[in-house]
Amino acid sequence: MSEADEVFAQEVARWRAISWRDLQKDLDDAVAYEIAGSDGVGYQFEVLVLWDDPRARTNLRVSSPATTAGAGACPVCGEPTSSGTR
């Protein structure tokens, strides 16, 4: 597993541990920040919290593409990842 994959996996795990109620605080807002990997490379992490079905408003979806800082919008981990239902 590459350093980028490890950083991405750690952040996804951190977001998956957040409660449904707390995730609602970030609903419909993109949350972006940079994380320094142990290799010294900066990784841009962005998360978007959305209703899975906006009409039902019961299940939340957490989506996140990852990019390497300074490399534009170059994906480092393939497809965006979504958490399970909260």
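The values are calculated or read from the model by the stated rules, or taken from the named source; none is laboratory data. The structure presented is a predicted model; accordingly, all values stated were derived computationally and were not measured. Here the Cβ is made from the backbone with ideal geometry for all residues, glycine too, and neighbour counts use every protein chain on show. Ligands, DNA and RNA are stripped out before the accessible areas are found, and what is left, the full protein with its side chains, is counted by its heavy atoms. Shrake-Rupley method; radii C 1.70, N 1.55, O 1.52, S 1.80 Å.
Values as computed for the structure displayed
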item: Qualifying residues in the range 25-36 (those that are open to solvent by 60 Å² or more (accessible area, probe 1.4 Å) and either assigned to a strand (DSSP E or B) or under 17 Å from ALA4 (Cα atoms) (or both)) - the one modelled with the lowest pLDDT; result: ALA36
item: One residue from ALA56, ALA71 being modelled with pLDDT of 85 or more, aliphatic (A, V, I, L, M), in a loop (DSSP other than H, G, I, E, B) and over 9 Å from the mean Cα position of the chain (by Cα); result: ALA56
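Listed here are the residues, each with its yes/no results for (1) in contact with a helix residue (DSSP H, G or I) (Cβ under 7 Å, 6 or more places away or on another chain); (2) at pLDDT 90 or above; (3) open to solvent by less than 70 Å² (accessible area, probe 1.4 Å).
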residue: ALA4; (1), (2), (3): no, no, yes
residue: ARG14; (1), (2), (3): no, yes, no
residue: SER19; (1), (2), (3): no, yes, yes
residue: LEU23; (1), (2), (3): no, yes, yes
residue: SER38; (1), (2), (3): yes, no, no
residue: GLY84; (1), (2), (3): no, no, yes
